[in-house]
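The values are calculated or read from the model by the stated rules, or taken from the named source; none is laboratory data. These numbers were taken from a predicted model, which means no experiment stands behind them. Here the Cβ is made from the backbone with ideal geometry for all residues, glycine too, and neighbour counts use every protein chain on show.
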Amino acid sequence: MKYAFFLGCLIPARELSYEVSVRKVLPELGIELVDMKGANCCAPFSIQSIDHASWLTLAARDLCIAEEMGLDVMTLCNDCYESLLMVNTILKRDKQTRDKVNETLSQVGKEYKGKIGVKNLVDVLYGDLGVKKVKDAIKEPFNGLRVGAQPGCHLTKPKRIHFELLRGFNDLDALVQATGAESVPYERKEMCCGGPLRDINDDLARKVSRQKLKALKDADVQAVTTVCPFCFLQLDLGQLEIKRHFNEDYNLPVIHFIELLRMGMGMKLEDWEIKAHRIPITGVLKDRL
Amino acid sequence: MSEVANTPRGRGILLCIQCGRCSSGCPVARLTGEHNPRRLMEMIILGFKKDVLSAQLPWYCLSCFTCLDRCPQGGDVGEVMFALRNIAVRQGNVPAGVSGQAKALYETARVINPVRSALDKRETMGLVKITTDGLEEVQKILKITGMEKIVKSI
């Protein structure tokens, strides 16, 4: 299995530990990642809010790069995933829009053909590799660790796009269970982390995260796991901000799912990776670190 | 309303029957009375252009797309928000967080850029370099689509 690896903006800027774990774990599972040279930002919601045509064309440019590589794209971020997936879906379906986008792309020597698919980390692990192989790779299962899985909005919404891709909505839960941990059901699981309003309306963003964290705490989870850098940032760093503004202490460790998988496979996290979590993970995972 | 309905992501406004399923599932509407997607749709339908485009109204939405799944009409309220924002931006209504990302995109082809220490760490770890290889093409695209002009005006 081989994918065009779309790194995005936030991960290399602020969540190096996420990227490093992906680069360590996936090859162990027989998955090869090829970096996309010259890729631009996926054109997330902030850019879509400004100009529609720019969104379509910029995302299409990234898709062209993957097409030239002859590989499906894999993203690590729900925002990148949603942007590239939606544009890929629109352009495959709508010839008029495709022609218009290609007219612009021809000025930079590119053409969108619609030959590849867009996937995220969960698609790759659950859909392409399969839960069984993930389970087989686990050497040190987390016996019954109570984990609250946060799939994030755009892994499953809008549902009509994902229905067509025949994707399940509990894929992440199955992957969490494969590590031996328990994926604990909690209220408002499908609710947004609040991240998209960060830097636009920080107060509201915090209040949204707070609802989510409350629900997780009520479900008595020991840790939260995410598959999106925005969810991670909002729920991890967000807890410190909530403490400052609302004087509430949730103290819920947040772990990238790939880190959970890595530890389950018997690979230790390094010191700087452990410290990349603002809410210490050393308590819950002390026997793994 | 026609201005919204005539944009690619704004067509859903024509399907709105004012049932309120968007508002009742909206995580932001739960927290603040300022944001009520159903009421916003109503304001667009009734032509309250000035009120709709003013201040914060277009910028409360998380784009979590819960309403897309809930709308019985397939009216895509969350999509209409983008049509609305596209219009608001052209009238100069754009939050600093959004214009900052747009400027970064125009200048570096990325909306968020690594700080020096992150770049140094990448180098010591032998991770792939963060480059601006695509920047020339990105700027050319933004010039053609007209976004360059918007970025320079906000």
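Only a single item in (1) touching a residue at least 60 places away in the same chain (Cβ under 8 Å); (2) in a helix (DSSP H, G or I) is not met by B:G75, and it is number (2). Restricted to region A:20-62, and to residues there that are at the interface with chain B (Cβ under 8 Å from one of its Cβ atoms), in a loop (DSSP other than H, G, I, E, B) and over 20 Å from B:P8 (Cα atoms), the residue that is nearest to the chain's Cα centre (by Cα) is A:C41.
Going residue by residue through region A:163-172, is there one that turns out to be among the acidic types (D, E), crowded, with 18+ Cβ neighbours inside 10 Å and not in a loop (DSSP other than H, G, I, E, B)? Among the residues of region A:163-172, at least one is among the acidic types (D, E), crowded, with 18+ Cβ neighbours inside 10 Å and not in a loop (DSSP other than H, G, I, E, B), which makes the answer yes. Each residue in region A:239-253 was checked for being within 14 Å of another protein chain (Cβ to nearest Cβ) and crowded, with 17+ Cβ neighbours inside 10 Å, and 1 pass. The conditions of being farther than 18 Å from A:L76 by Cβ, touching a residue at least 24 places away in the same chain (Cβ under 8 Å) and acidic (D, E) are met by A:D220.
Could you list, in sequence order, all residues of region A:159-169 that are more than 11 Å from A:E190 (Cβ to Cβ) and either at pLDDT 85 or above or more than 9 Å from chain B (Cβ to nearest Cβ) (or both)? Across region A:159-169, the qualifying residues are A:I161, A:H162, A:F163, A:E164, A:L165, A:L166, A:R167, A:G168.
Does A:T57 count as in contact with a Leu (Cβ under 8 Å, 6 or more places away or on another chain), over 25 Å from A:L172 (Cα atoms), at pLDDT 95 or above and of a type outside the set (A, V, I, L, M)? For A:T57, the condition - in contact with a Leu (Cβ under 8 Å, 6 or more places away or on another chain), over 25 Å from A:L172 (Cα atoms), at pLDDT 95 or above and of a type outside the set (A, V, I, L, M) - is met.
One line per residue, one yes/no per condition, for (1) more than 19 Å from the chain's Cα centre (by Cα); (2) within 14 Å of chain B (Cβ to nearest Cβ):
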residue	(1), (2)
A:E140	yes, no
A:R146	yes, no
A:P151	no, yes
A:K157	no, yes
A:A174	no, no
A:G180	yes, no
A:S183	no, no
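Results for (1) among the aromatic types (F, W, Y); (2) within 14 Å of another protein chain (Cβ to nearest Cβ); (3) free of Cβ contacts under 8 Å to residues at least 12 places away in the same chain, shown as yes or no for each residue.
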{"position": "B:N6", "(1), (2), (3)": "no, yes, yes"}
{"position": "B:I17", "(1), (2), (3)": "no, no, no"}
{"position": "B:S23", "(1), (2), (3)": "no, no, no"}
{"position": "B:V28", "(1), (2), (3)": "no, yes, no"}
{"position": "B:G33", "(1), (2), (3)": "no, yes, yes"}
{"position": "B:V52", "(1), (2), (3)": "no, no, no"}
{"position": "B:P58", "(1), (2), (3)": "no, yes, no"}
{"position": "B:L62", "(1), (2), (3)": "no, yes, no"}
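Does B:K149 fit the bill of being modelled with pLDDT of 95 or more, surrounded by fewer than 16 Cβ atoms within 10 Å (Cβ to Cβ) and outside the structural domain of B:T7 (by TED's automatic domain parsing)? Considered against the rule, which asks whether it is modelled with pLDDT of 95 or more, surrounded by fewer than 16 Cβ atoms within 10 Å (Cβ to Cβ) and outside the structural domain of B:T7 (by TED's automatic domain parsing), B:K149 comes out as yes. When the residues of region B:51-68 are narrowed to those that are assigned to a helix (DSSP H, G or I) and touching a Gly at 6+ places or on another chain (Cβ under 8 Å), which ends up surrounded by the fewest Cβ atoms within 10 Å (Cβ to Cβ)? Out of the qualifying residues, it is B:L68. Being within 14 Å of chain B (Cβ to nearest Cβ) and surrounded by 16 or more Cβ atoms within 10 Å (Cβ to Cβ): is that true of A:S106 here? Criteria not met by A:S106. The set of residues in region A:98-134 being basic (K, R) and assigned to a strand (DSSP E or B) consists of A:K119 alone. Of the candidates A:A13, A:A60, the single residue that is crowded, with 22+ Cβ neighbours inside 10 Å, assigned by TED's automatic domain parsing to the domain that holds A:D99 and of a type in the set (A, V, I, L, M) is A:A60.
Please enumerate the residues belonging to region A:185-195 that are within 14 Å of another protein chain (Cβ to nearest Cβ) and on the phi < 0 side of the Ramachandran plot.
Step one: of region A:185-195, the residues within 14 Å of another protein chain (Cβ to nearest Cβ) are A:187-195.
Answer for region A:185-195, where residues must be within 14 Å of another protein chain (Cβ to nearest Cβ) and on the phi < 0 side of the Ramachandran plot: A:E187, A:K189, A:E190, A:M191, A:C192, A:C193, A:G195.
Let's see how each residue does on (1) surrounded by fewer than 18 Cβ atoms within 10 Å (Cβ to Cβ); (2) touching a strand residue (DSSP E or B) at 6+ places or on another chain (Cβ under 7 Å); (3) assigned by TED's automatic domain parsing to the domain that holds A:I47; (4) part of a loop (DSSP other than H, G, I, E, B):
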site: A:D136; (1), (2), (3), (4): yes, no, no, no
site: A:E140; (1), (2), (3), (4): yes, no, no, yes
site: A:V147; (1), (2), (3), (4): no, yes, no, no
site: A:I200; (1), (2), (3), (4): no, no, no, yes
site: A:K214; (1), (2), (3), (4): yes, no, no, no
site: A:F230; (1), (2), (3), (4): no, no, no, no
site: A:L233; (1), (2), (3), (4): no, no, no, no
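With respect to the stated conditions, B:I130 fails to be without any contact (Cβ under 8 Å) to a residue 40 or more places away in the chain, at the interface with chain A (Cβ under 7 Å from one of its Cβ atoms), outside any helix (DSSP H, G or I) and under 22 Å from B:T145 (Cβ atoms). Scanning region B:69-116 for residues that are under 30 Å from A:S17 (Cα atoms), more than 7 Å from chain A (Cβ to nearest Cβ), of a type outside the set (V, I, T) and surrounded by 17 or more Cβ atoms within 10 Å (Cβ to Cβ) yields a count of 3.
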